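*Asks:* For reference, the structure I am asking about is given below.
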Amino acid sequence: MMCEQADLEELVEDVRMAEAAGSELAIVSDHCVRRVVAMGHAPYGWSVLGAAAEASSRIKLMADVTSRIKCDHPAVVVQMAPTVGLLSDRRFTLGLGAGENRNEHVTGRGRPSADVRHEVLVEAVERVCRAWSGSCVSYQGRHCQVDSVK
């Protein structure tokens, strides 16, 4: 489900058709992209996942990959992924990545080097896993701090 190339209705219909054809997995592009009026689309990938979850019953869903370190704080990802997991009857898989310029330049804040993006990814994975452990989590990383995420 390429959010940069199709609108919400088309992406959801593609998932329905893929499931009907026997496909086992539908993956959404989770990029922080701006809507281009001439192209008429660029839906938010997590909303697409929710709509796809409701429109399907068997096909597995995945975010490929959530790397929007400047768009979403890991604490938000900790909430978004289980929500889609419940909507999809646990058919959802979260993919996390380090990101690249094309996914992050729209925030206007510049792009960290690959080394820094990889450090942020490691911290994000640690924070997400700790938060999903079920206990209250405080995390003091080099790039981000989380206080009392549960």
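The values are calculated or read from the model by the stated rules, or taken from the named source; none is laboratory data. From a predicted model like this one, the values you see are computed outputs, not experimental measurements. Using ideal geometry, Cβ is built from the backbone for each residue, glycine included, and neighbour counts are taken over all protein chains shown. Keep in mind that these areas ignore ligands, DNA and RNA; they rest on the heavy atoms of the full protein, side chains included. Shrake-Rupley method; radii C 1.70, N 1.55, O 1.52, S 1.80 Å.
*Asks:* Inspect segment 14-27 for any residue being hydrophobic (A, V, I, L, M, F, W, C), surrounded by 18 or more Cβ atoms within 10 Å (Cβ to Cβ) and at pLDDT below 95 and give the result as yes or no.
*Replies:* Scanning segment 14-27, I find no residue that is hydrophobic (A, V, I, L, M, F, W, C), surrounded by 18 or more Cβ atoms within 10 Å (Cβ to Cβ) and at pLDDT below 95, so the answer is no.
*Asks:* Can you name every residue in segment 76-105 that is modelled with pLDDT under 80 and either acidic (Asp, Glu) or buried (at least 20 other Cβ atoms within 10 Å of the Cβ) (or both)?
*Replies:* 99, 100, 103, 104 - these are the residues of segment 76-105 that are modelled with pLDDT under 80 and either acidic (Asp, Glu) or buried (at least 20 other Cβ atoms within 10 Å of the Cβ) (or both).
*Asks:* Right, another one. Restricting to segment 43-75, give me the number of residues that are modelled with pLDDT of 95 or more and of a type in the set (S, T, N, Q).
*Replies:* 2
*Asks:* Give the residues of segment 56-75 that are open to solvent by 30 Å² or more (accessible area, probe 1.4 Å) and in contact with a Lys or Arg (Cβ under 8 Å, 6 or more places away or on another chain), sorted by residue number.
*Replies:* Matches in segment 56-75: 58, 60, 69, 70, 75.
*Asks:* Now for a different question. Consider segment 28-42. How many of its residues are at pLDDT 85 or above and farther than 20 Å from residue 82 by Cβ?
*Replies:* Of the residues in that region, 0 qualify.
*Asks:* Out of segment 1-12, which residues are at pLDDT 90 or above and out of contact with any helix residue (DSSP H, G or I) (no Cβ under 8 Å at 6 or more places or on another chain)?
*Replies:* Once the filter is applied, which keeps residues that are at pLDDT 90 or above and out of contact with any helix residue (DSSP H, G or I) (no Cβ under 8 Å at 6 or more places or on another chain), segment 1-12 yields 9, 10.
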